[in-house]
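Asks: After the structure tokens below, expect a handful of questions from me.
The values are calculated or read from the model by the stated rules, or taken from the named source; none is laboratory data. Model, not experiment: these values are computed from the prediction. We place every Cβ from the backbone using ideal geometry, glycine too, and count neighbours over all the protein chains shown. For accessibility, only protein heavy atoms count, side chains too; no ligands or nucleic acids. Shrake-Rupley method; radii C 1.70, N 1.55, O 1.52, S 1.80 Å.
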Amino acid sequence: MNTVNVDLILKDLKAYVNGAVVKCCIAVENGKVFKIAKETHMPKADTKISLNGLLVLPGLIDVHVHLRDEGKACKEDFCTGTAAAAAGGFTTVLDMPNNNPVTMSAETLRNRMELAEGKVLVNVGFYSEFPKNLKEIDEIIGEGAVAFKLFLSEQVGGLNIDYDYALTEAFKTVASRLPIAVHAEDKNMFKNAENRLKQRGCNDVKAFLEAHSETAEVKAVKRIIEIVKKTGARVHFCHISTKKGLKAVAEAKKSGLPLTCEATPHHLFLSADDLKHAGTLALTMPPLRDRSHVDFLWEGVKNELIDVAASDHAPHTIAEKKADKVWDVKVGIPGLETSLPLLLTEINAGRLGISDLLRLMAENPAKIFKLKDRGSLKEGYKADFVAVDLKREHRIEAARFYSKAKYSPFDGRVVKGKPVKTFVGGQLVMDEGEIIAKAGCGEIIRSGGLKP
Ligand code: DOR
Ligand code: ZN
Ligand code: ZN
């Protein structure tokens, strides 16, 4: 006789467990998976929810999200950004540091965590940019940053990005302690090109694409690889978008360097051609590329050169997305509410497996960023799930996003496959597109770094 009484049982479902889709029930106790088994082996429960045959996956993890808030709350705040995450099937997101103030000290990180605590609907971990004084790195790690972020595309943090010496010292200090995520585009290279184009009166999208060339990405990737060789730092390349960029990462990885990389759904599902109708709404850095690059990225997904799919959810106000001159447009695309339906559509078309989706959006993210007890459905792991209806066709409607950024280059696209229920720590947060939990139910993830 089973005498245990748990908080919740999810039943009448299929779940992706240990590499296979199986019919089972999931018992949840104290925010964790207590048991995955057939109904006859389930303990008693206070609450039972029938999922009517839905497919339950581990909650997805988006390692590249700009939640904004603080000084940029007009674009997004912790509440709207994490509502968008829950609506999109994500139970954990990692927040980028290019905020106002920039997250680049123990104090800015602590303030951000405290503000987020009462507002988030999913679990959130935080990146820090590098501080000017490398001695502060210990404190930042001690405060619980999950990773460092380095923008080579603009001066965001305290390191002077023009100096290899500064980067090398910073990478040495962080080395094996936390991963470093890098936006690899060479600032000087595209700024010089931008200035030349401006002087010639070229201010349109075509000029933007010319300035943000493949070479600007490759140059930054190769520069970082050299620094990794010297320091042994664990580097994760954000949004790789070009053939040569991906090739350079793949070769360096093959030689044994501790590297990983990500691709975004917008670089996988759109090409530069789409800018014709989406216009500056689809302007992002690195930009959308020609078809040949897109095809090469898909090859990279299939042969596992690409480790992660991340949305790079980068919301701006609609007013900021339009300007007379392309250089004045704020770059970035909101992606939290479109990423999973786009990938489920690929699964339905037979071009991607569920195991690929979970490798890219749950297992590898958890592994790379050391997110303990997340990324798989396992007894003892966090009860973070997304239940999807694989067969449900729907139209992407940006006007209905939870994100404050109610526009998308995918607006109007018909997709097949929909996140229907999102559970965070055993709590139902999103049900049939509605957010039903109270803000603050997400967890603030503090990485295991020791306080100095
Ligand atoms: O398109 C982008 N948007 N690229 C970045 O590197 C920054 C981001 C943002 O924060 O808006
Ligand atoms: Zn970036
Ligand atoms: Zn970004």
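Asks: When only residues in the stretch 170-182 that are away from ligand 2 (no atom under 16 Å from the Cβ) and under 20 Å from residue 364 (Cα atoms) count, which is surrounded by the most Cβ atoms within 10 Å (Cβ to Cβ)?
Replies: By that ranking, first place goes to 178.
Asks: Continuing with the same structure: So which residues in the stretch 236-247 are in a helix (DSSP H, G or I) and either open to solvent by less than 10 Å² (accessible area, probe 1.4 Å) or within 16 Å of ligand 1 (Cβ to nearest atom) (or both), if there are any at all?
Replies: Correct list: 245, 246.
Asks: Now a separate question. Quick check on my filter: what residues within the stretch 96-124 are closer than 18 Å to residue 182 by Cα and touching a Gly at 6+ places or on another chain (Cβ under 8 Å)?
Replies: 97, 99, 102, 104
Asks: Now for a separate question. Report every pair of residues separated by at least 6 positions or lying on different chains whose Cβ atoms are under 8 Å apart, first residue within the stretch 177-192 and closer than 19 Å to residue 127 by Cα, second away from ligand 2 (no atom under 16 Å from the Cβ) and at pLDDT below 95.
Replies: Between residues of the stretch 177-192 that are closer than 19 Å to residue 127 by Cα and residues that are away from ligand 2 (no atom under 16 Å from the Cβ) and at pLDDT below 95, the close pairs are 177/449; 178/447; 178/449.
Asks: Tell me, please, whether a residue that is part of a strand (DSSP E or B), more than 25 Å from residue 406 (Cα to Cα) and open to solvent by 10 Å² or more (accessible area, probe 1.4 Å) can be found in the stretch 105-115.
Replies: No, that holds for no residue.
Asks: So the check is Cβ under 7 Å with 6+ separation or different chains; which pairs have a first residue in the stretch 261-276 that's hydrophobic (A, V, I, L, M, F, W, C) and a second one that's open to solvent by 10 Å² or more (accessible area, probe 1.4 Å)?
Replies: Matching pairs, first to second residue: 261/307; 268/298; 270/409; 272/209; 272/289; 272/290; 275/205.
Asks: Something else now. Given (1) under 29 Å from the mean Cα position of the chain (by Cα); (2) modelled with pLDDT under 95, where does residue 46 come up short, assuming only one miss?
Replies: That leaves (1) as the condition not met.
Asks: Same structure again: Output the number of residues of the stretch 326-345 satisfying the condition of being more than 16 Å from ligand 3 (Cβ to nearest atom) and within 16 Å of residue 268 (Cβ to Cβ).
Replies: 6
Asks: Give the residue that is farthest from ligand 1 (Cβ to nearest atom), with candidates limited to residues of the stretch 183-208 that are in a helix (DSSP H, G or I), over 22 Å from residue 249 (Cα atoms) and open to solvent by 50 Å² or more (accessible area, probe 1.4 Å).
Replies: Checking each candidate, the answer is 199.
Asks: Open to solvent by 10 Å² or more (accessible area, probe 1.4 Å), within 15 Å of ligand 2 (Cβ to nearest atom) and at pLDDT 95 or above, is that true of residue 102?
Replies: yes
Asks: Suppose the filter is surrounded by fewer than 23 Cβ atoms within 10 Å (Cβ to Cβ), under 21 Å from residue 26 (Cβ atoms) and at pLDDT 95 or above; does residue 418 pass it?
Replies: Considered against the rule, which asks whether it is surrounded by fewer than 23 Cβ atoms within 10 Å (Cβ to Cβ), under 21 Å from residue 26 (Cβ atoms) and at pLDDT 95 or above, residue 418 comes out as yes.
Asks: When you scan the stretch 249-264, do you find a residue that is charged (D, E, K, R), closer than 30 Å to residue 448 by Cα, in a helix (DSSP H, G or I) and touching a Leu at 6+ places or on another chain (Cβ under 6 Å), even just one?
Replies: Yes, the conditions are met somewhere in the stretch 249-264.
Asks: Name the residues in the stretch 410-452 that are in contact with a Cys (Cβ under 8 Å, 6 or more places away or on another chain) and on the phi < 0 side of the Ramachandran plot, would you?
Replies: Matches in the stretch 410-452: 424, 427, 429, 439.
Asks: Condition check: more than 23 Å from residue 71 (Cβ to Cβ), more than 16 Å from ligand 1 (Cβ to nearest atom) and among the hydrophobic types (A, V, I, L, M, F, W, C). Does residue 121 satisfy that?
Replies: Answer is no for this residue.
Asks: Now for a separate question. From the list 233, 252, 220, which residue is buried (at least 24 other Cβ atoms within 10 Å of the Cβ), away from ligand 2 (no atom under 16 Å from the Cβ) and within 23 Å of residue 172 (Cβ to Cβ)?
Replies: 233
Asks: Which of (1) within 30 Å of residue 112 (Cα to Cα); (2) in a loop (DSSP other than H, G, I, E, B); (3) among the small types (Gly, Ala, Ser) is the odd one out, the single condition residue 166 does not satisfy?
Replies: Residue 166 satisfies every listed condition except (2).
Asks: Can I ask one more? Are any residues in the stretch 53-82 hydrophobic (A, V, I, L, M, F, W, C), more than 16 Å from ligand 2 (Cβ to nearest atom) and open to solvent by less than 10 Å² (accessible area, probe 1.4 Å), and if so, which ones?
Replies: If the condition is that a residue be hydrophobic (A, V, I, L, M, F, W, C), more than 16 Å from ligand 2 (Cβ to nearest atom) and open to solvent by less than 10 Å² (accessible area, probe 1.4 Å), then 56, 57, 60, 61, 78 are the ones that fit.
Asks: Give the residues of the stretch 315-325 that are of a type outside the set (Lys, Arg) and either more than 16 Å from ligand 3 (Cβ to nearest atom) or open to solvent by 10 Å² or more (accessible area, probe 1.4 Å) (or both), sorted by residue number.
Replies: Listed by number, the residues that qualify are 316, 317, 318, 319, 320, 323, 324.
Asks: Of the conditions (1) within 29 Å of residue 149 (Cβ to Cβ); (2) open to solvent by less than 20 Å² (accessible area, probe 1.4 Å), residue 404 satisfies every one except a single condition; which number is it?
Replies: Residue 404 satisfies all of (1) within 29 Å of residue 149 (Cβ to Cβ); (2) open to solvent by less than 20 Å² (accessible area, probe 1.4 Å) except (2).
Asks: With the condition kept exactly as written, say whether any residue in the stretch 273-284 is in contact with a strand residue (DSSP E or B) (Cβ under 9 Å, 6 or more places away or on another chain), open to solvent by 40 Å² or more (accessible area, probe 1.4 Å), of a type outside the set (Ser, Thr, Tyr) and more than 20 Å from residue 152 (Cα to Cα).
Replies: no
Asks: Next question. Across the stretch 132-169, what is the total count of residues that are touching a Gly at 6+ places or on another chain (Cβ under 6 Å) and either crowded, with 22+ Cβ neighbours inside 10 Å or small (Gly, Ala, Ser) (or both)?
Replies: Going through the stretch 132-169 one residue at a time, the tally reaches 3.
Asks: Checking the conditions here, which among 307, 312, 290, 295 is open to solvent by 30 Å² or more (accessible area, probe 1.4 Å), touching a residue at least 12 places away in the same chain (Cβ under 8 Å) and either away from ligand 2 (no atom under 16 Å from the Cβ) or closer than 13 Å to residue 331 by Cβ (or both)?
Replies: 290
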